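Below: the structure, in structure tokens.
The values are calculated or read from the model by the stated rules, or taken from the named source; none is laboratory data. What you see is a predicted model, and the numbers here were worked out from it, not measured in a lab. Cβ atoms come from the backbone with ideal geometry, glycine included; neighbour counts cover every protein chain shown.
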Amino acid sequence: MSTTKKHFTVLGAGAVGVCTALYLLRDGHPVTLLDRLPPGKGCSFGNAGLIQTGACVPIATPGVLRDVPRMLLDPDGPLVIRWQHLPSLLPYLLGFVLAARARRVEEISVALQAILNHAMEAYRVLLAEAGANDLVRRSGELYVYERQASYDRAKPWHDLRRKRGVEVVDLAPEELRQLEPALAPIFCKGVYLPDSVQTLNPYMVTAALAENFARNGGEIVQEEVREIAMGAGGPTALLTDKGRRKIDQLVIATGAFSKRWARQLAGYLPLDTERGYHLMLPRPNIDLRVPLLSGDYRFGLVPMVDGIRLAGTAELATLDAPPRYARAERLLKIAERMLPGLSGEARTRWMGHRPSTPDSLPVIGRSPRFASVYLAFGHGHLGLTLGAVTGRLIADLASGRIPPLSLAPYDIRRFGWIRREGCRSLVPRTRSSPSLERETGGELRVPEGH
Ligand SMILES: Cc1cc2nc3c(=O)[nH]c(=O)nc-3n(C[C@H](O)[C@H](O)[C@H](O)COP(=O)(O)OP(=O)(O)OC[C@H]3O[C@@H](n4cnc5c(N)ncnc54)[C@H](O)[C@@H]3O)c2cc1C
């Protein structure tokens, strides 16, 4: 085990970056956490706040591919494609289709559950040290189905969870309403995952951890990185909106904005952003006990300390495509039917960029090009859930400890084949440049989860 303490700069202060910075600091490294926003104000701000320890089902499954035509026709459905932007999405889509093969889904679910099994334990350490245990509670999560067909489609996913050792309880309609009396009597099936944990508000968790980082000597800097300067052996400085910042060890934790840095420092990354929305209902007029997931419309309805949050939809689109809040407003209409008496009075709206890889697995590890660069991004629908364990794994690598699980499934080199197979040659006028995202306004909505 290495005892030399190096200076780390963690670029990106979302759930992943903050937890990584804290784990590095715990090992005695001096750490600077750098973000253009205050900690936790990126995608980690407005998610559904669930630590989903049984979320081992990837987004790409054979069933999802079969459902595409039906979803495209449904105005409330979770899938929309803006066809004119299809070319720029090809690498992601090719990866998505291949990830949906039955055998690959099995492999991915094993890799997901392997890391999910450490998710809560990794949070417990950080939350206890921050005095923030009361910001989470073991609430479970309840999938509810109005239509038998929706349940039938989801059943193989729940069976896959069982196969991976996740506790999954089937509920009859009357049992559903015992667990959650606020539900309308319109559901034919329910599925309860008792081990899931909810945060009282996900931003409060990241902010509390960031405060603890600062209290313990970590440095937080609010700057935007424009370029990364290179020397012979790797990156030497961050060129920010405020000047030049010398670096030693660098962790890339910039969520959906990581593609550019990954290409410069590590390798090809078909990362795209799935935008998601929330509506926050501060005066909901009803009590909700358990976080709900609509199995028909695939979004979450989650009680938080400041109201009820409706969170979901998945739009694969560019980083600067304007939000479409009509999607979020649709969630309210559906939620009012699910929860009689629900009020949307004084609601607020939010859009965030999920950092999504085609195979739903994050990228965690050391750069294959530069030993001083660490990669911690691509957590898609699970960045809150996997934030702490990612931090722990990066700290293990940085300190020369053997991680508690194999990191091979999360290696960025798994995407090299997309480039080798010439997918990029299918993409007309695509350049590897920072302005790539700005040039493509494509949007594809993909299903499942929130
Ligand atoms: C509607 C919705 C619901 C969700 N629900 C859940 C859930 O219940 N559970 C769950 O686990 N996950 C959920 N997710 C996913 C989760 O929110 C994300 O995976 C997670 O927030 C990603 O964290 P991150 O730290 O990688 O990225 P972010 O939180 O986006 O942090 C990245 C940071 O990098 C900074 N940055 C980027 N580029 C630069 C630069 N050049 N210079 C300086 N700073 C930079 C950004 O400002 C940002 O703060 C949900 C997502 C959405 C949209």
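I'm trying to understand the selection: among the residues of the stretch 297-312, which are part of a loop (DSSP other than H, G, I, E, B) and modelled with pLDDT under 95? Hits for the stretch 297-312 are 297, 298.
Taking the stretch 169-243 as the region of interest, the strands (runs of 3 or more DSSP E) fully inside it that hold 1 or more residues being more than 22 Å from the chain's Cα centre (by Cα) are 169-171, 189-193, 219-222, 225-231, 234-240. Figure legend. Inter-residue proximity from the stretch 99-112: first residues touching a residue at least 60 places away in the same chain (Cβ under 8 Å) and among the small types (Gly, Ala, Ser), second residues surrounded by fewer than 20 Cβ atoms within 10 Å (Cβ to Cβ) and in a helix (DSSP H, G or I), beta-carbon distance below 8 Å, spacing 6+ or different chains. Indicated pairs: 111/409. No other residue among 365, 400, 380 is in contact with a Phe, Trp or Tyr (Cβ under 9 Å, 6 or more places away or on another chain) and in contact (Cβ under 8 Å) with a residue 12 or more places away in the chain apart from 365.
Could you please give the count of residues in the stretch 244-283 that are of a type in the set (Asp, Glu) and not in a strand (DSSP E or B)?
Going through the stretch 244-283 one residue at a time, the tally reaches 1.
Restricting 341, 352, 391 to those that are within 8 Å of the ligand (Cβ to nearest atom), of a type outside the set (A, V, I, L, M) and either within 25 Å of residue 313 (Cα to Cα) or crowded, with 18+ Cβ neighbours inside 10 Å (or both) reduces the list to 352. All of 412, 418, 334 fail the test of being at pLDDT below 95 and either out of contact with any strand residue (DSSP E or B) (no Cβ under 8 Å at 6 or more places or on another chain) or within 16 Å of the ligand (Cβ to nearest atom) (or both), apart from 418. Taking the conditions exactly as written (basic (Lys, Arg) and crowded, with 17+ Cβ neighbours inside 10 Å), does residue 246 satisfy them or not? No: the conditions fail for residue 246. Among the numbered conditions (1) surrounded by fewer than 16 Cβ atoms within 10 Å (Cβ to Cβ); (2) within 11 Å of the ligand (Cβ to nearest atom), the only one that residue 229 does not meet is (2).
Within the stretch 12-24, can one find any residue that is in contact with a Phe, Trp or Tyr (Cβ under 9 Å, 6 or more places away or on another chain), hydrophobic (A, V, I, L, M, F, W, C), within 23 Å of residue 387 (Cα to Cα) and modelled with pLDDT under 95? Among the residues of the stretch 12-24, not one is in contact with a Phe, Trp or Tyr (Cβ under 9 Å, 6 or more places away or on another chain), hydrophobic (A, V, I, L, M, F, W, C), within 23 Å of residue 387 (Cα to Cα) and modelled with pLDDT under 95, which makes the answer no.
Restricting the stretch 261-297 to residues that are within 11 Å of the ligand (Cβ to nearest atom) and under 17 Å from the mean Cα position of the chain (by Cα) leaves a set whose member that is nearest to residue 231 (Cα to Cα) is 271. Within the stretch 364-377, not a single residue is surrounded by fewer than 24 Cβ atoms within 10 Å (Cβ to Cβ), within 11 Å of the ligand (Cβ to nearest atom) and under 15 Å from residue 269 (Cβ atoms).
In this structure, residue 183 does satisfy being out of contact with any Cys (no Cβ under 9 Å at 6 or more places or on another chain), crowded, with 20+ Cβ neighbours inside 10 Å and of a type outside the set (S, T, N, Q).
Scanning the stretch 223-275 for residues that are within 15 Å of residue 319 (Cβ to Cβ) and of a type in the set (S, T, N, Q) yields 254, 258, 273.
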